[in-house]
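I have placed the structure first, in the form of structure tokens, so that the comments after it can refer back to it.
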Ligand SMILES: Nc1nc2c(c(=O)[nH]1)N[C@H]1C(S)=C(S)[C@@H](COP(=O)(O)O)O[C@H]1N2
Ligand SMILES: [Mo]
């Protein structure tokens, strides 16, 4: 990695300086990535750049409310290796937890502390599907499809964060149709990366656009980097690592 040289008046050539800068960059990176920190955040700190605090959890979709009965629903989990269907009873046997998470919409509203009262860590689902031979070791993108035909795509490394969950209860009751009945919550990505009425997930090696992505919305959509729109100058799907600002000029390495 090229040495960091920010201020020409300060000699930053020593390894101590470089290490210190890297450490601070990592701290900043953790903050930007929304990793939980021991520090108490004020409400203000929880609103990503360009967004504002909305008192209510608003509803935003393309207006379709497909009938979806959870008891008979199953999630199709697919890859090049085949597909399996997983029902809600099977999910509940894998372990149910609760998730409280902020929800940020790219149209600039943020709802704080949304309480998903039945949630399954996405990592647990992946383990389960790996045991069933569905998850290729080299998958790179998760493609989610809703029963209304809505599609969205997100990078593997964002799905692998511990706060990512599949959810099917809100505030102690089934998720109402307007909030999508069953969906994957990825708190540090914009809400459009969470397909409501989730019907199918695919572990894909190659990137492909979903609904909003096709219209110029970002491949990843990290709220802390304000990744709202694709950068026409960069084919971001070719990146090996995703750390860094949206202009790609700060590619931090993990230690
Ligand atoms: N199936 C489906 N999922 C969807 C959408 C949609 O139109 N259809 N809209 C997305 C967008 S743009 C946002 S911001 C969130 C909004 O979720 P909410 O209505 O529960 O607030 O859902 C996302 N998931
Ligand atoms: Mo949205």
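Between residue 92 and residue 18, what is the FRET efficiency for a Förster distance of 41 Å, r being their Cβ-Cβ separation, to the nearest 0.05? FRET efficiency, residue 92 to residue 18: 0.25.
Placing pseudo-labels 7 Å out from each Cα toward the beta carbon at residue 215 and residue 161 gives an inter-label distance of 2.4 nm. On the beta carbon distance between residue 123 and residue 100, with R0 = 22 Å, the FRET formula returns roughly 0.75.
In square nanometres and to one decimal, what's the mean projected area of the convex hull around the Cα atoms of the range 48-238? It is 10.2 nm². For residue 130 and residue 208, a Förster radius of 22 Å and the Cβ-Cβ distance give a FRET efficiency of 0.50, rounded to the nearest 0.05. Compared with the alpha-carbon gap, the fully stretched path from residue 108 to residue 64 is longer by 13.6 nm at 0.36 nm per residue.
Note on residue 46 and residue 138: the extension gain reaches 29.8 nm, defined as 0.36 nm multiplied by sequence separation minus the Cα-Cα distance.
At the listed q of 0.19 Å⁻¹, the Debye profile of the range 66-133, built from one uniform point per Cα, gives log10 I(q)/I(0) equal to -0.93.
Since every read-out is calculated from the coordinates, none of them should be taken as a lab result. Quantities reported herein were computed from a predicted structural model and do not represent experimental measurements. Ideal geometry is used to build each Cβ from the backbone, glycine not excepted, and the neighbour counts take in all protein chains shown.
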